[in-house]
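Nothing in this text is a laboratory measurement; each read-out follows from the coordinates by a stated rule. Keep in mind the model is a prediction, meaning the values are calculated, not measured. In this analysis, Cβ positions are derived from the backbone assuming ideal geometry, glycine residues included, and neighbour counts consider all displayed protein chains.
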Amino acid sequence: MAESSLQIDHLSKRYGSVVALDDMTFDVRAGEVFGFVGSNGAGKTTTMRIVLGVLSADSGEVRWAGERIDLASRRHIGYMPEERGLYPKMKVGEQLIYLARLHGMPAGAARSAAEQWAERLGVHGRWDDELQKLSLGNQQRVQLAAALVHDPQILVLDEPFSGLDPVAVDVMSQVLAERAAAGVPVIFSSHQLDLVQRLCHRVGIVKAGRMVALGGVDELRAGAEGRLVVTAPQGPPGWATIVPGVTVTAQDNATVTLQLAPGADDQAVLAAALATGPVTEFSWRRPDLTELFRHVVTTQEAA
Amino acid sequence: MSSPIGASGAGPAALNSMAAIRLVAGRELSTRLHSKAFRVMTLIVLLMIVAMVVVFKLLAGSGPSMVQVGVLQGDAQQLAQVEATGTAVGQHLSAVAVSNEAAGRQQVVDGDLAALIEPSTSGQLRVVVETKLDTGLQSALTVLARNMALDNQISSLGGDPATVNAAVSNAGLDLQVLSPPHQYDVAQIVLGSVAGILIYLSLMTGGQLVAQGVVEEKSSRVVELLLATIRPWELMTGKVLGIGLLGLIQVAAYGIVGVGLASALGVLTLSISAAAGTVIWLIVWYLIGFVMYAFAFAAAGALVSRQEDAAGVIMPVLIFVIVGYVLGISVLPSDPGNHLVSVLSVIPLFAPTLMPMRLAMGGVPAWEAALALVLALAMIPALAALAGRIYRNAVIHIGARVSLRKALAG
């Protein structure tokens, strides 16, 4: 299975003086859901477009199962471009069949696959309607069906959740997990970090065309600095700062969130808190992906 | 499902270029054949062609066609003389004997006879018509009256009118022209003009369809999905072929209905082979012209991302079609052998509009027709390669208009 992973190997791309990608390297393993996060313009879309061959890289290459990806192997990719697009005046059914056939499916198989996905995504009732007559949400469902209709062996989805209603988000999440379970490498980009945290086995955070953090969600969270949350109802303001190496990052009534410098002693903090009176909460909290993302992006900024 | 196919992508899912082009062309053809606009447009043009042929037929009906003349108590010799006189002055007459005057007059009123004539020995020829005497018929009958008077005089002088007439009709010029100019047939000039209009309309609408189709794929962003599966040149070629085939069906329908109906109604006084030749040349030049211009239109369309911007970029291509047509239609009908137009009609950029008009009008030396064909065919690969380059580099850039220089450089 490991050999059918998708490898993004040292991709670089410039537009004049603007660096779009700078030595972008990572891999998406077979059966894995990979979350691709980063600010707008960080290089997520550019990376995906290079994988699909819509753009060409200045250097570096994309490999699938160890071999450089080409037009024939790209036909096994299910792709959802950031800029959604299908033929507005073409009927939903015809459109799905056409796209399946462009990916090399024979006519009969194309039709049954198109019907199956239209059914699954709840747009089968609109089979004979022109795409432009559908609501935006339903158009998104057709777009997803278009990415899945040829039974792809790789899924590359650029912002697949944007514009989806909660029901469609559930269907989409389910489909992604299912495809990954079938051994397909799945990569998607999103700004909805709670979804990424829930769905992805691994996450890559990009910034200015570079991969700045890469790993399992838990791994990344464990590796990041935690926060100490202490509630001391009778503590006077600033009670915690007497402990060396402690800074207050947030204060909500009696509850303070503290950041400890390396080597600072959390037991000293507890002692200081107990000295003010009763302590009702004392816990380490790991950052969630949103905090992690913010942290990674801002600290790299300073570097 | 769970076992990934090898990265080489071989196997049942492989799609070669031919198959990709066929799929794209098939989509173009079927979506447009099913579109209401296309059907209505084609039907309107067909009706216009039918109407035009019928109008020609009605106009021509009062012209040089057969005119029936009644001869009061005419014998076979008189009837033959009437018809012979008509033929001599270019008026097709058919003469019938009428037994009594009242019946003859009634037939004139009913419109069965154009005129009733009553020969007399006095030299006066009495002619009865319903409203007025047609000029063609009038000249024929005047000559007839004079001939009859002459015959009478010859007979009274003791000669034989038949011998004299034979001698007279054998007398004539034996003209020897050393370099005869081409005699243009009016019917062929009309045919040439119609061919010009048809090819102009077809090239213009076909070309614009191609450009709009390219822009539609950019503006709807579907092009990104398509280019993830097929190569840009496959997409462009498929589109050009699909729309070209659609236009071919149209041109063939127009040509066959028009020429067929005209031949059936006798409006065209051309041989079947000349008429068929015109239709075949029309189709050949439509195909060459379409392929030539369509690639240029596709490249132009690829430069912009919005339909509103399309008109601006396709104008430089369209201008060649328009200039060729306007020159041809304004000069050729009155001067089919015009030197400037003859020269331009061999140059590939203008040949598709001018050459079929000239060919339909006739008098084109074989070497000119062949040269135009060879030059145009030779230019197509070069033009397609250039257009393919522009298209490939420009089609993925969505947003502002791509400059030609950037598209050429890549």
(request) List A:SER190, A:SER173, B:SER99 from most exposed to least, where exposure is judged by having the fewest other Cβ atoms within 10 Å. (result) B:SER99, A:SER173, A:SER190
(message) Could you work out the relative contact order of chain B? I mean the mean sequence separation of Cα pairs under 8 Å and 6+ apart, divided by the number of residues, in percent.
(response) 19
(message) Suppose we keep just the DSSP beta bridges with both residues in the stretch A:131-219; what percent of those would be antiparallel, to 5?
(response) 60
(request) Take chain A, connect every pair of alpha-carbon atoms lying under 10 Å apart with a spring to form a Gaussian network, then pick out the residue of A:VAL196, A:VAL217, A:VAL123 with the largest mean-square fluctuation. (result) A:VAL123
(message) Can you give me the long-range amide H partners of B:GLN68? Hydrogens built in the peptide plane at 1.01 Å from N, cutoff under 5 Å, separation of 5 or more residues or another chain.
(response) B:SER94, B:ALA114
(request) Once you have the Kirkwood Rh of the stretch A:170-215 from its Cα pairs, apply Stokes-Einstein at 20 °C and 1.002 mPa s and quote D in µm²/s. (result) 184
(request) Sort A:MET211, A:MET24, B:MET315, B:MET357 so that the residue with the fewest other Cβ atoms within 10 Å of its own Cβ comes first and the one with the most comes last. (result) B:MET315, A:MET211, A:MET24, B:MET357
(request) Would you work out if the stretch B:48-174 is rounded, prolate or oblate? Take a ≥ b ≥ c from the square roots of the eigenvalues of the alpha-carbon gyration tensor; rounded if a/c is under 1.5, else prolate when a/b is larger than b/c, oblate otherwise. (result) oblate
(message) Tell me the mean residue ellipticity at 222 nm calculated for chain B from its helices only (DSSP H runs of n ≥ 4, each -39500 (n - 2.57), averaged over every residue, nearest 500).
(response) -23500 deg cm²/dmol
(request) For a footprinting-style exposure proxy, rank A:SER189, A:SER162 by other Cβ within 10 Å, fewest first. (result) A:SER162, A:SER189
(request) Would you mind checking the tilt of helix B:135-156 against the longest principal axis of the Cα atoms of chain B, expressed as 0 to 90 degrees and rounded to 10? (result) 30
(message) Could you tell me how far the Cα centroid of the stretch A:9-43 sits from the Cα centroid of the stretch B:103-179, in Å?
(response) 99
(request) With N denoting the number of residues in chain A, provide Rg(C-alpha) divided by 2.2 N^0.38 Å, to two decimal places. (result) 1.23
(request) Provide a whole-number value for the mean count of partner chain Cβ atoms within 10 Å of the Cβ atoms in peptide A:76-83. (result) 4
(message) When a/c reaches 1.5 or more, the comparison of a/b and b/c decides; with that in mind, is the protein assembly as shown rounded, prolate or oblate per its Cα gyration tensor?
(response) prolate
(request) Check the straight Cα-Cα distances from B:LYS132 and name the lysines below 24 Å, setting aside those fewer than 8 residues away within the same chain. (result) B:LYS57
(request) Compute the separation of the alpha-carbon centres of the stretch B:329-374 and the stretch A:228-245 and state it in Å as a whole number. (result) 97
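Shape call for the stretch B:179-327 from the C-alpha gyration tensor, a ≥ b ≥ c root eigenvalues: rounded (a/c under 1.5), prolate (a/b greater than b/c) or oblate?
Working: a/c = 3.12, a/b = 2.28, b/c = 1.37.
Prolate, since a/c reaches 1.5 and a/b exceeds b/c.
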(message) Expected output is a single nm value to one decimal: the length gained when fully extending between B:LEU33 and B:LEU371, i.e. 0.36 nm times separation in residues minus the C-alpha distance. What is it?
(response) 118.1 nm
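How much of the DSSP beta bridge set in the protein assembly as shown is antiparallel, as a percent to the nearest 5?
Expressed as a percentage, antiparallel bridges in the protein assembly as shown total about 60.
Per DSSP H run of n ≥ 4, the term is -39500 (n - 2.57); total these for chain A, divide by its residue number, and report the mean residue ellipticity at 222 nm rounded to 500 deg cm²/dmol.
Numbers: 10 runs with 105 residues, N = 303.
It comes out at -10500 deg cm²/dmol, rounded to the nearest 500.
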(message) List the aspartates and glutamates whose Cα sits under 12 Å from the Cα of A:LYS91, skipping any in the same chain fewer than 8 residues away.
(response) A:ASP128, A:ASP129, A:GLU130
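Where does each of A:62-73, B:198-209 land if you order them by average Cβ count within 10 Å, highest first?
Final packing ranking: B:198-209, A:62-73.
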(request) Excluding residues on the same chain fewer than 8 positions from A:LYS89, give the lysines whose Cα lies under 27 Å from its Cα. (result) A:LYS133, B:LYS36, B:LYS218, B:LYS239
(request) Show me B:135-142, B:39-46 ranked by packing, highest mean number of other Cβ atoms within 10 Å first. (result) B:135-142, B:39-46
(request) Please work out the Cα convex hull volume for the stretch A:20-108 and give it in Å³ per residue. (result) 140
(message) Residue by residue through the stretch B:237-249, what is 3J(HN,Hα) from phi via Karplus (6.51 cos²θ - 1.76 cosθ + 1.60, θ = phi - 60°)? Round to whole Hz and write x for glycine and proline.
(response) 5, x, 5, 4, 5, x, 6, x, 5, 4, x, 4, 4
(message) Tell me which of A:GLN140, A:SER283, A:GLY125 sits at the most positive position along the dipole axis of chain A, charges placed on C-beta atoms (Lys, Arg +1; Asp, Glu -1).
(response) A:GLY125
